[in-house]
1. Just to be sure I understand the model, the point goes 7 Å from the Cα along the line to the Cβ. What's the resulting His29 to Met146 distance in nm?
2. Taking Cα atoms of segment 112-260, Rg/Rh with Kirkwood Rh, to two decimals?
3. Quick check on packing: order 180-193, 239-252 by the mean number of other C-beta atoms within 10 Å, highest mean leading.
4. Please work out the C-alpha center-to-center distance from segment 280-345 to segment 123-182 and express it in whole Å.
5. What FRET efficiency comes out for the pair Glu222/Ala354, r = Cβ-Cβ distance, R0 = 41 Å, nearest 0.05?
6. What shape does segment 307-354 have by the C-alpha gyration tensor, where a ≥ b ≥ c are the square roots of the eigenvalues, rounded means a/c under 1.5, and otherwise prolate means a/b greater than b/c and oblate the rest?
7. I want to check the label-to-label distance for Arg371 and Val189. Put each point 7 Å from Cα in the C-beta direction and report it in nm to one decimal.
8. At a 10 Å Cβ-Cβ cut-off, how would you order Leu258, Leu127, fewest neighbours first?
Amino acid sequence: MRTVGVEEELFLVDAATGQPRAVAAEVLHVAAAHGEASNDPTHQAVHDITRGALVHELQQEQLETLTPPESQMDGLEADLRRWRDIAIARAGEVGAQVMASGTSPFPVEPQLVHTTRYDRMADRFGLTTSEQLTCGCHVHVQVESMEEAVGVLDRIRVWLPTLLALSANSPFWRGKDTGYDSFRSQTQVRWPTAGPTELFGSVAGYRRYLADVLESGVPLDEGMVYTDARLSRRYPTVEVRVADVCSDVRDAVLIAALCRGLVQTAAREYAAGMPPPLVSTTVLRLADWQAGKAGITADLVDPLSGRPRPARAVLDALVDHVGVALCECGDAALVDEGVRRVVKRGTGATVQRATLDRTGSLTEVVAALVRTTAGDEG
């Protein structure tokens, strides 16, 4: 069974006001003393993949958790809860709290983590770097070879906007309602390499793509290929990067299970010689935009026809598409229950807006997010 690991980017916020706090270095210093983190902000430190870790992200107002690879979703959920608990405990030691949201409801002037690479990014990309303060959920699914991985990328690309819609959890930006369920997805497209991928066709095609991107001189390195999904540079995995971080850990597990289902289904299709869907990158960019705009509250762009279709019908089509893989992995009931839960309750964006409507306070929105992040899922 393919293993799955998750990287969650999380906000650090003031325990009293809910405002983001630039205390990542302090939190990681405390966590390092417990053997739970590295103080190396360059990400070059070797992490024990069997344990997980806390690490720096781009800005001092955020942390990233890394879970070890798991073959069972209950094990992955336990890992996600454990590393959130560790982040919460260490943040508490410096007077901060942890919040899982794609963007901060409050205005913030991010404080860059100063490394040689991040400083070069700030110099190269200006305001895009200095304003970049968003949190995503990156799912790593094991693959057997680079050939299989490229075949998977070509076949999952049409379904990734649906994952974005299901995970949408960033309606606010600089203290205002953006009108988007995932405004994080809007900030991501400011990076020149972000968004859906073209069809690669082969490992040689993927390598040509990377060479063309890097030889353009626009991104600093391969790590800045911020596509919706990519091959991991560190692990033998496909990394699905399209989702917002989910406040409810159960939603993160749902996204992870669907990612594994997509990879398993795509790998089988690749092995059988089935061609990938011939959907243009242009249409996929539009599908990403629609998913980020409305989440699951309106039509989505159908993954195969490129035409509007009710969101529930697209969600059902996704579950049906990966149904055999879900059954093989023992994830069918988990996904069925998870989709029903999100449809009934709404995405994270819906919940955030409902909290603001009920309380009239962004501080209360953050407080509710902090509670949900810690496991008070209601």
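1. It works out to 4.2 nm between the two label points.
2. Ratio value, two decimals: 0.97.
3. Going by the mean number of other Cβ atoms within 10 Å, highest first, we get 239-252, 180-193.
4. 15
5. Efficiency, from the Cβ-Cβ distance: 0.50.
6. Judged from the Cα gyration tensor, segment 307-354 comes out oblate (a/c at least 1.5, b/c at or above a/b).
7. Result: 3.5 nm between the two label points.
8. Placing the least packed residue first, the sequence is Leu127, Leu258.
Where a number appears in this text, it was derived from the coordinates with a stated rule and is not lab data. Bear in mind the structure is a predicted one, so any value in this text is a computation, not a measurement. Here the Cβ is made from the backbone with ideal geometry for all residues, glycine too, and neighbour counts use every protein chain on show.
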